[in-house]
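The values are calculated or read from the model by the stated rules, or taken from the named source; none is laboratory data. In this text the structure is predicted, and so the values were computed from the model without any measurement. For neighbour counting, all protein chains shown are included, and Cβ atoms are generated from backbone atoms with ideal geometry for every residue, glycine included. Side chains included, ligands, DNA and RNA excluded: accessible areas come from the protein's heavy atoms. Shrake-Rupley method; radii C 1.70, N 1.55, O 1.52, S 1.80 Å.
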Amino acid sequence: MTDTVPTGPDRLVDTARFRAAYRQVPAPVAILLVPGGPAGVTGLTCTSATSLSGRPPMAMVAVDHKTHLAPLAEDTGQFSINYLAADRATWAQAFATRSRHLDDLAAAVVAGHTRVPTLATGTTAVLECRTTAVHHGGDHWILCGEVLHARAQTDAKPLLYLGGRYGTFHHDT
C-alpha cells in the first residue's frame, strides 16, 4: 500500500489552515490524570475532552502520541478528566509544559471517589473513567472511557481556550 495525497476536491486541507480554523473554536480546558508514570501520577492539559455517550455514560479525549499517556491509561484501566475553573489558567499552563516541575500542584491531586487521581479543587466538573478503548487517530490517540463517577461545581466559571489564549464564558443576561 502506498501513501498518496489526494488532489482536487478530495485533498486534505493543509495543517496551517486546519489549525487556524480550530483556533476560532472555543474549547473547555481540562487536565487529564492517569495513575502511574515516574511521579506516580501523569497528567496533561487538553482541550479535546468531550462526552461520547449518554447510555452508557462515556467520555473521550484525544491525546498526542508523544505523551505516551493513552497507553498508560490503557494499562492502568483508568483516567480522570478535570475541567478547570476560570481562575486556574496557571494550572493549565503548568500541565501543558513538559519541562516544568509540577511539585507545586501535587497537593491538589487526590484520589477520587473511584481512587483514580483527580483534582481536589479548581474545577467545574470531574469525570472518573474506566478505560474502555484506545483508538489510533492520525498523530493522536482517542481515549474512551465509561464514566464511573462525576461531580460538578455549578457556581464556578469554566476555563476556555480560544485563539491561543485562555479566557472564560460570560452570559448575555
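Within segment 43-96, if we keep just the residues that are over 14 Å from the mean Cα position of the chain (by Cα) and among the hydroxyl-bearing types (Ser, Thr, Tyr), the residue that is farthest from Tyr161 (Cα to Cα) turns out to be Thr76.
The number of residues in segment 103-117 that are within 11 Å of Ala150 (Cβ to Cβ) and of a type in the set (Val, Ile, Thr) comes to 1. Considering segment 154-170, and only residues there that are over 16 Å from Thr50 (Cα atoms) and aromatic (Phe, Trp, Tyr), the residue that is surrounded by the fewest Cβ atoms within 10 Å (Cβ to Cβ) turns out to be Phe169.
When you scan segment 105-113, do you find a residue that is touching a His at 6+ places or on another chain (Cβ under 9 Å), modelled with pLDDT under 95 and under 21 Å from Pro56 (Cα atoms), even just one?
Taking segment 105-113 and keeping what is touching a His at 6+ places or on another chain (Cβ under 9 Å), we get 112-113.
Filter once more, keeping what is modelled with pLDDT under 95: 112-113.
Subsequent filtering for residues that are under 21 Å from Pro56 (Cα atoms) retains 112-113.
Yes; the residues of segment 105-113 include at least one that is touching a His at 6+ places or on another chain (Cβ under 9 Å), modelled with pLDDT under 95 and under 21 Å from Pro56 (Cα atoms).
Is segment 27-49 home to any residue that is in contact with a Lys or Arg (Cβ under 9 Å, 6 or more places away or on another chain) and either open to solvent by 40 Å² or more (accessible area, probe 1.4 Å) or among the β-branched types (Val, Ile, Thr) (or both)? Checked segment 27-49: at least one residue is in contact with a Lys or Arg (Cβ under 9 Å, 6 or more places away or on another chain) and either open to solvent by 40 Å² or more (accessible area, probe 1.4 Å) or among the β-branched types (Val, Ile, Thr) (or both). Is one or more of the residues making up segment 94-114 outside any loop (DSSP other than H, G, I, E, B), of a type in the set (Asp, Glu) and on the phi < 0 side of the Ramachandran plot? Taking every residue of segment 94-114 in turn, at least one turns out to be outside any loop (DSSP other than H, G, I, E, B), of a type in the set (Asp, Glu) and on the phi < 0 side of the Ramachandran plot. Just one of the listed residues (Phe79, Phe95) is open to solvent by less than 30 Å² (accessible area, probe 1.4 Å), more than 17 Å from Glu128 (Cβ to Cβ) and not charged (D, E, K, R), namely Phe95. The residue of segment 118-153 that is nearest to Ala85 (Cα to Cα), among those that are free of Cβ contacts under 8 Å to residues at least 24 places away in the same chain and open to solvent by 60 Å² or more (accessible area, probe 1.4 Å), is Thr121. Among the residues of segment 143-158, at least one is within 15 Å of the chain's Cα centre (by Cα) and more than 16 Å from Ala59 (Cα to Cα).
Take Arg17 and decide whether it is open to solvent by 80 Å² or more (accessible area, probe 1.4 Å), more than 15 Å from Leu119 (Cβ to Cβ), assigned to a loop (DSSP other than H, G, I, E, B) and charged (D, E, K, R). Taking the combined requirement at face value, the residue does not satisfy it.
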